[in-house]
Amino acid sequence: MNILKNISIEELKQKAAELRQTVLTMIYEAQSGHPGGSFSAADVVTALYFKETNIDPKNPRWEDRDRFVLSKGHACPAQYAALAMLGYVPYETIHKLREYGSPFQGHPDMKKCPGIDISTGSLGQGLSCGVGMAIAGKIDEKNYRVFVMVGDGECNEGQIWEAVQTAAKYKLDNLVVFVDNNGLQLDGTTDEIMPTQDFEDKFRAFGFETQRIDGHSMEQIVSVLDFVRGQKNGKPKCIVLDTVKGKGVSFMENKCNWHGVAPNDEEYEQAMKELRASVQ
Amino acid sequence: MSVKKDDMKKIATRQGFGDEIVKLGKENKNIMVLDIDIGKSCKTTEFQKQLPKQHINVGIAEQNGAGVAAGLATTGKIPFISTYAVFGSLRMAEQIRQEICYPNLNVKIACSHGGLTPANDGGSHQGIEDMGVLRTIPNMTVVMGADYYSTRKLVRQAAEIYGPVYLRFTRDAVPVIYDEDEEFVIGKAKELKQGKDVAIIANGDTVCLAIEAANQLEEEGVSVKLLDMHTIKPLDKQAVLDCVDIGRIITVEDHNVINGLGSAVCEVVAEAGKGKVRRIGIQDQFGQSAPYEKLLELNGITVENIIMNAKQLL
């Protein structure tokens, strides 16, 4: 049974803006981290944590919970912000990103941070773990679902496609894969580094049911989540998110250089101003 | 402690895994086998037949297999990944590190075709670096039983302890050394002989050679201490230190002499600051298709070489 939170699209947009500000503050204070990919993932992460997933921050290891695997682990500031806002950890933890002993390690660490369902950080591996969780759910006849977010660049990794085959074989309709299709990877655009082709075509060819949406439209995100929730048809789901790396901060948007760089004082002030203004 | 004669029956230790895992699976429904399309060869067919709901096969995709096992383990399952040593260590090495050992998940990696035992298959299939590679990853336990019965007991123990365990088996048949009811503890050496002149520390399929060498040495009046060091990590340091008191140690293994049992023993001996060690094992070279005994001989993993080294140390 899914306990959907009663939250409006407007409220979700507010949450997403708050989440982005938290992300920015974390990375600014740590002077380290990955703002670009965190911002492209931020809207879906918000919708999952504040509306869609059946979770209990007071009982992070609850066995019937929905799982979320951030396979593109470097975008963890987005996930950390959600965990802090929901009370998985004290909110002040946002001031300890990448610090010694912090639950908020440079990449997600399930041993140190409540609410992290699997440690990730080495690209291409999280989807396999999500497939394992979904298979276990089928075997144990549980109703939980598994949401996995992969990056478009991450799909360069062959292991992604090994995992995709396995998801189709075991008819994992309890698995939803989001592709954060922001078109940029560390060294350049996906077209320059490794052209992705059409993700929908690829996932469909492997036996997935696919949808493609604007990954920054809360209306479209909520609507696609409503749609896939009812699709218990033996097919794993893939939602391709057309996104913008650095979304929400004008000077970071679509800039490869903002993959893994922290803002300086002026940039931080300017970015916070833009993010605050976005929800007036 | 009874040590049987080497003319006893021979069984491949992969069969020990195949038999014990069925028993374990029936006792605990959380025990699963994750095959990588070599189930027939790794002796998991019976498990699949009898416990189909606890079995999955991810096809020829080791890296994914390691990740799927990790995901299963987060839900309380105890997956045994079943493959060959060369793939179950190197092909999925980074996945083992990132998704199994780093989060310290309860995944077991059960590998047939350890060392030179897939002799006919050639160098590509002889896993000679596996135990050494995995020994360097935190949280990992590394085990190889010497015969069918000890393998069964060690597989059972691996299922009972929490955390990642690498289990290595022989492809080919090796002599049965132990009685069916002999007990084994992971991390604790099995002392087969007490002695005071020279210590031989062996593991896996070389234990039977070490027993033969020790018997011959004893006939010549040499007192031999003999250990079956089935677990190279965590190493039974006290057992090694007891050998340091003797001062003359020979290690024997079907593994590269770099970073396997011999290296692990040397680390303890060097830190103790006394004692001499001779390492017998694969001489940092790849194998080829050949009879198993021929491959052992090419690397000096023979009864005669153990005896010769013992005499040189005395």
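Please treat every number below as a calculation from the coordinates, not as lab data. Just so it is clear, the model here is predicted, and its values are computed rather than measured. When we count neighbours, we look across all protein chains shown, and the Cβ atoms used for this are built from the backbone with ideal geometry, even at glycine.
As a proxy for reagent exposure, B:131, A:110, B:308, A:133 were ordered by neighbouring Cβ count within 10 angstrom, fewest first; the result is B:308, A:110, A:133, B:131. Here the contact order of chain A, divided by its residue count and restricted to Cα pairs under 8 Å and six or more residues apart, works out to 23 percent. Of all beta bridges that DSSP places with both ends in chain A, some 10 percent have antiparallel geometry. The local environment of residue B:314, defined by Cβ-Cβ distances under 12 Å, has a net charge of +3 under the rule Lys, Arg +1 and Asp, Glu -1. Between residue A:217 and residue A:171, the simple spin-label model (points 7 angstrom out along Cα→Cβ) gives 3.3 nm.
Distance between the pseudo-spin-label points of residue A:61 and residue B:139 (7 Å out from Cα toward the beta carbon): 1.3 nm. Think of each Lys and Arg Cβ as +1 and each Asp and Glu Cβ as -1; about the Cα centre, that makes the dipole of chain B roughly 680 debye. For chymotrypsin sites (Phe, Trp or Tyr not before Pro), the sites in the stretch A:209-280 that DSSP calls loop and that have at most 16 other Cβ atoms within 10 Å are A:251.
Here the contact order of the stretch A:122-280, divided by its residue count and restricted to Cα pairs under 8 Å and six or more residues apart, works out to 22 percent. By other beta-carbon atoms within 10 Å, ranking A:76, A:113 with the fewest at the front produces A:113, A:76. Using the Cβ of residue B:259 as centre and a radius below 15 Å, the other residues enclosed give a net charge of -2, where K and R count +1 and D and E count -1.
Neighbour counting of Cβ atoms within 10 Å sorts the residues B:289, A:8, fewest neighbours leading, into A:8, B:289. May I ask you to derive the FRET efficiency for residue A:32 and residue B:23 from their Cβ-Cβ distance with R0 = 60 Å, giving the value to the nearest 0.05? So, using R0 = 60 Å, E works out to roughly 0.75.
Using 0.36 nm per residue of separation minus the Cα-Cα distance, give me the extension gain between residue A:189 and residue A:10 in nm, one decimal. Here the answer is 61.2 nm.
At the listed q of 0.11, 0.21 Å⁻¹, the Debye profile of the stretch A:62-203, built from one uniform point per Cα, gives log10 I(q)/I(0) equal to -0.44, -1.25.
Placing a label point 7 Å from the Cα of residue B:216 along the Cα-to-Cβ direction, the residues of the stretch B:278-296 whose backbone N falls under 17 Å from that point are B:280-281, B:293-296. In the frame of its principal axes, chain B has Cα extents of 57, 39, 37 Å, reported largest first. Computed from the Cβ-Cβ distance with R0 of 56 Å, the FRET efficiency linking residue A:99 to residue B:223 stands at 0.45. Most simply put, the stretch B:10-175 has about 10% antiparallel DSSP beta bridges, counting only bridges with both residues inside it. The Rg/Rh ratio of the stretch B:190-313, with Rg taken over Cα atoms and Rh as the Kirkwood radius over Cα pairs, comes to 0.95. Where the alpha-carbon atoms of the stretch B:1-158 are placed on the principal axes, they occupy 45, 34, 30 Å, in descending order. Each 20 Å bin, from zero up to the one with the longest distance, holds this percent of the alpha carbon pairs of the protein assembly as shown: 21, 44, 27, 8, 0.
Distance from the alpha carbon centroid of the stretch B:167-215 to that of the stretch B:63-101 works out to 28 angstrom.
Count Lys and Arg as plus one, Asp and Glu as minus one, and take only other residues whose Cβ is under 9 Å from that of residue A:253; the net charge is then +3.
The Cα-based radius of gyration of the stretch A:93-144, divided by its Kirkwood radius, gives an Rg/Rh of 1.10. Take chain B and mark each of the trypsin sites (Lys or Arg not before Pro) that is in a DSSP loop with at most 15 other Cβ atoms within 10 Å; the longest unmarked stretch, sites excluded, is B:30-187.
Over the stretch B:136-210, the alpha carbon radius of gyration divided by the compact-protein estimate 2.2 N^0.38 Å works out to 1.15. Can you classify the stretch A:177-257 as rounded, prolate or oblate using the Cα gyration tensor, where a ≥ b ≥ c are the square roots of its eigenvalues, rounded means a/c under 1.5, and otherwise it's prolate if a/b beats b/c and oblate if not? It comes out oblate by the Cα gyration axes. Angle of helix B:237-246 to the longest C-alpha principal axis of chain B, folded into 0 to 90 degrees and rounded to 10: 10°. Between the beta carbons of residue A:251 and residue A:226, assuming R0 = 41 Å, the FRET efficiency works out to 0.75 to the nearest 0.05. Reported value for the stretch A:221-280: 115 Å³ per residue, from the convex hull of its C-alpha atoms. Over the stretch B:69-202, the Kirkwood radius and the radius of gyration, each from Cα atoms, give a ratio Rg/Rh of 0.99.
Any idea what % of Cα-Cα pairs in chain A are farther than 24 Å? In whole percent, the share of Cα-Cα pairs in chain A beyond 24 Å is 45.
Counted without the sites themselves, the longest stretch of chain B free of GluC sites (Glu not before Pro) in a DSSP loop having at most 12 other beta carbon atoms within 10 Å is B:1-179. Between the stretch B:263-303 and the stretch A:245-280, what's the alpha-carbon centroid distance in Å? Each part reduced to its Cα centre gives a spacing of 59 Å.
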